[in-house]
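The values are calculated or read from the model by the stated rules, or taken from the named source; none is laboratory data. This one's a predicted model, so the numbers in the text were calculated from it and none came from an experiment. Note that each Cβ is placed from the backbone with ideal geometry, even for glycine, and that neighbours are counted across all protein chains shown. Note: areas computed on protein heavy atoms with side chains; ligands, DNA, RNA excluded. Shrake-Rupley method; radii C 1.70, N 1.55, O 1.52, S 1.80 Å.
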Amino acid sequence: PSLTYQYRLYPFGEQAETLECWIESCRRLYNAALEQRRMARSAGRKIGYPEQQKELTEVRASFEEYEEVPVHVLQNALLRLERAFENFFRRCEERKAGKRVRTGFPRFKGREHYRSLICPDPYNYVRNGDLHFPKIGKVRMEMHRPLPDGAVVKSCTISKKADGWYASLSLELPASAPPEHAGEAIGIDVGLGNFAALSDGETVPPPKFLLRSERRIKQAQRVLSRRKKGSKRRAKQREKVACLHLAVSRQ
C-alpha cells in the first residue's frame, strides 16, 4: 500500500531562490518540449518522451540553467508532458466512442500553473526531522508527525503554494494483517441532503465549507478585479484570494 505525507518547508533565502529557479527551468523545458512536439506534428513527424529524454543530455550541456537542476527532476517535467498527451489521446478515443468529454489539447504552462518539482527516485529525504534534497542539502521542515514504521520514501514533491513551501513524500508501506473486528458494526450512507446517515438513525449535516467562506472570497475577488494589472498591489491581493481558496480546500 502507498500513502502520501505532506510537511511544511522553511527554506532560507538562497534555497528558496534555487527552488524557484528550478521550477522556472522545468516550466520552460515543458513549454519547449511542447513546442517541439507541435512543430513535429505539423511536419508529419512523431516525437515522444523517449526521443526528448535522449536530447536532454545535449540541452543540459548547452544551457547552464538546466545543468544545475537534477536530471531526474527535468526528466519528470518531460514525463508530465507525456502524460498530458496520453490523457489527450484517451479523451479523443472516448469522444469517438460517444462520450461527451472535452479533449483539451496540452497547453503551454504559465508561471501560475507550474509551481512544483518532483524527484521521482527513492532517497534518504528525511534526516533528523529535516528534508534533504539532491543538490540543495538540508531544508528545515516542520515534521508534525513521524513516518510510519517500515515506510520507504519513493519520491518527493516540492511545491510552492499561496502560503509557502511544502514537501509531499510518497511512501510505500509494508504489508500488514487486516485489523480484527471488535464490537458492533454500523452502516454509513453518504448523500446530498445530509453528509452521512448512520444505521442507528443519527445524521451528520453537510459542513458547507465553501458557502461559509463565499462572502469573504467574493469581497476579496472584487478588490482583486479593481487592482491595476501588473501592479504589486494586484499581486498581493491575488495571494490573499489564493490563501482563501487554499483554506477551503484544506477544510
Residue pairs meeting the criteria (Cβ under 7 Å; at least 6 apart or on separate chains; first farther than 15 Å from Gly164 by Cβ and touching a residue at least 24 places away in the same chain (Cβ under 8 Å), in segment 224-251; second surrounded by 10 or more Cβ atoms within 10 Å (Cβ to Cβ) and among the hydroxyl-bearing types (Ser, Thr, Tyr)): Leu244/Ser213; Val248/Ser213
Scan segment 33-44 residue by residue and report those that are surrounded by 10 or more Cβ atoms within 10 Å (Cβ to Cβ), over 17 Å from Ala77 (Cα atoms) and of a type in the set (A, V, I, L, M). Met39, Ala40
For segment 45-52, does any single residue satisfy the condition of being outside any helix (DSSP H, G or I) and open to solvent by less than 70 Å² (accessible area, probe 1.4 Å)? yes
Inside segment 163-215, can you point out the residues that are part of a strand (DSSP E or B) and either under 25 Å from the mean Cα position of the chain (by Cα) or in contact (Cβ under 8 Å) with a residue 12 or more places away in the chain (or both)? Gly164, Trp165, Tyr166, Ala167, Ser168, Leu169, Ser170, Leu171, Glu172, Leu198
Just to verify a result, which residue in segment 216-245, among those that are open to solvent by less than 80 Å² (accessible area, probe 1.4 Å) and of a type in the set (D, E, K, R), is nearest to the chain's Cα centre (by Cα)? Arg234
Could you count how many residues in segment 114-141 are in contact with a Leu (Cβ under 8 Å, 6 or more places away or on another chain), surrounded by fewer than 16 Cβ atoms within 10 Å (Cβ to Cβ) and part of a strand (DSSP E or B)? 1
